[in-house]
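Taking it in order: structure first as structure tokens, then the write-up.
The values are calculated or read from the model by the stated rules, or taken from the named source; none is laboratory data. Keep in mind that what you see is a predicted model, and the values were worked out from it rather than measured. Here the Cβ is made from the backbone with ideal geometry for all residues, glycine too, and neighbour counts use every protein chain on show. With ligands, DNA and RNA removed, areas are computed over all heavy atoms of the protein, side chains included. Shrake-Rupley method; radii C 1.70, N 1.55, O 1.52, S 1.80 Å.
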Amino acid sequence: MANDNYFNSKQFKDNLSKYEDSRTKGEFAYMDADELNDIAEYFYNNGKIDESIEAIDYAISLFPGATGPLVFRSRIALIVNNDPQKAESFAEQIADKSDLDYFYIKAEIMIFCGQVEESDKYLTEKFNEIDEDEQEDFIIDVSTMYADYDRMDMAQKWLQSSQDKESADYQELQGRIAMQEGNYKESNRIFNELLDKDPFSSPYWNQLASSQYMSNEIKDSITSSEFSIAINPNDDEAILNKANGLFFLGNIDEAMKYYQKLSQLKPNDETGELFQGITLIKLNRLQEAVIHLQKAEVLAENQPQSQPQSLLEIYQTLAYTLSSLGKPELAISYIDKATSIQNANEDELTVLRGHVFLEQENFKAARKYFKKALRHSMSSPQIILRIAISMFDNGYINQAYEMLKTLLDIVNEAWTDGYSYFAACCLELGKDEEYADALRKACDKNPSEVKSVLGDELPPDLNTSEYFDYLIKNKK
């Protein structure tokens, strides 16, 4: 796989220009398989799926059986078209079935189909067949593949076999695993050490920024994103990370600029439009928000590689926003759309239906849906919390207080959500002692929720460790 540095090189830009000039004339420039593969990957990374497929299909026609183009085409069939059978057919066209990339794509298809144990068995067999001098690279490549599919348990299992624990690739994977497991301190340490050795690596800066954001080191996360942007001004991951950091700190107008830039860089991707919509909701510009959210909806529905979770977030956000605008029928239609998505949480969507009716002051209908969600979920703490938040958002403070008090009395110490809402209820009801206790827990357990619920007036440069003292001192 080519990297951003190569895509910014003169050599690649010359090849791209040559290819695009020939396509403008209705022709195809002759290039070797690797050059066409790089062009296809470049198009894919920029959301130009049709152009990517056209370039890779041309490469396959010129070089039938070549490993690189067929692996890339197989992955498009897998990830974009969600078609493992088609992916398998491309993989089987690879002439050299002793090539490591052939083994990887065969295993990836298994992982995609949920056959993780089978993939592990297959890869173990191949590991024992390959030359000893290839085994270290094999371990790293397999670990990376599992990590890309969020199977950090399998990534860690393979990494344990590595004999080169000081290599950058090994350390990067350990950093990713630490981040996924919530060990942000360790993740930050690893990526900082990697950057000491390679300070011009955008991927390392991006990983560090993500880890810092997750550990509520928001200003540091923004700084890391800025280093990445300095290296590559069009790094979409860095731009998104910086926008998210700015949004968290309440610098909404500046965050909006970066979400807009993200949309310009990736016009066929829904992420920029979705976050512009969310930003406009924060600014209470709901009509404008709906326009961007519906743009995101169209983009996501027209992109076969869009993740169901992205569509689900778009539909739910539209439902909330349209309900706030007094359009309950349209809001319900989006809940219906969300319900049709595979693996959507039925109980959460039932609560959302109740929220729409509650916002229209139809307490009887809202109660029916809330009871249904509680019954079906067997009174799941997450569902209780969602109902309490709906009560809070709609001004039923006493009811929200009672639900949250009951919930927070029964959850274990690992529970992190809802304390900010409970603190807000206590503040509204004049329960000062309970407010201070709930606020302290909220600031310790979930400062991002504190910022969302209580933090409109928090100074943007205030560290999360200072939230409690500031809010107590400036209690209204």
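Out of the helices (runs of 4 or more DSSP H) lying entirely within region 304-361, which hold 3 or more residues that are open to solvent by 20 Å² or more (accessible area, probe 1.4 Å) and over 30 Å from Asp50 (Cβ atoms)?
Once the helices (runs of 4 or more DSSP H) in region 304-361 are filtered for at least 3 residues that are open to solvent by 20 Å² or more (accessible area, probe 1.4 Å) and over 30 Å from Asp50 (Cβ atoms), what remains is 328-339, 346-359.
Closer than 24 Å to Pro447 by Cβ, surrounded by 18 or more Cβ atoms within 10 Å (Cβ to Cβ), of a type in the set (S, T, N, Q) and at pLDDT 95 or above: is that true of Ser225 in this structure?
yes
Go through region 385-403 residue by residue and tally those that are open to solvent by less than 30 Å² (accessible area, probe 1.4 Å) and under 29 Å from the mean Cα position of the chain (by Cα).
5
Quick check on this structure: which one of Asp137, Asp196, Asp150 is at positive phi and either open to solvent by 50 Å² or more (accessible area, probe 1.4 Å) or of a type in the set (Ser, Thr, Tyr) (or both)?
Every option except Asp150 fails the conditions.
Restricting attention to region 358-376, report how many residues are closer than 10 Å to Asn394 by Cβ and aromatic (Phe, Trp, Tyr).
Residues meeting the conditions: 1.
Just checking, how many residues over region 165-186 are open to solvent by less than 70 Å² (accessible area, probe 1.4 Å) and in a loop (DSSP other than H, G, I, E, B)?
2
Based on what the data block shows, is Lys327 modelled with pLDDT of 95 or more and more than 29 Å from Asn216 (Cβ to Cβ)?
It is true that Lys327 is modelled with pLDDT of 95 or more and more than 29 Å from Asn216 (Cβ to Cβ).
Among the candidates Leu311, Leu286, Leu330, single out the residue that is touching a residue at least 24 places away in the same chain (Cβ under 8 Å), more than 19 Å from Gly47 (Cα to Cα), of a type outside the set (Gly, Ala, Ser) and in contact with a helix residue (DSSP H, G or I) (Cβ under 6 Å, 6 or more places away or on another chain).
The match here is Leu286.
Looking only at region 100-126, how many residues end up being in a helix (DSSP H, G or I) and modelled with pLDDT under 95?
So the count comes out to 1.
Yes/no per residue for (1) more than 29 Å from the chain's Cα centre (by Cα); (2) open to solvent by 70 Å² or more (accessible area, probe 1.4 Å); (3) farther than 19 Å from Phe392 by Cα; (4) modelled with pLDDT of 95 or more:
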residue	(1), (2), (3), (4)
Asp417	no, no, no, yes
Ser420	no, no, no, yes
Arg440	yes, yes, yes, yes
Ser448	no, no, no, no
Lys451	no, no, no, no
Asp456	no, yes, no, no
Thr464	no, no, yes, no
Tyr467	no, no, yes, no
Ile472	yes, no, yes, no
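Consider region 333-342. How many of its residues are farther than 15 Å from Ser390 by Cβ and in contact with a helix residue (DSSP H, G or I) (Cβ under 7 Å, 6 or more places away or on another chain)?
Total meeting the criteria: 6.
So, in region 446-475, of the ones that are charged (D, E, K, R) and in a helix (DSSP H, G or I), which residue ends up farthest from Leu385 (Cα to Cα)?
Here the answer is Lys473.
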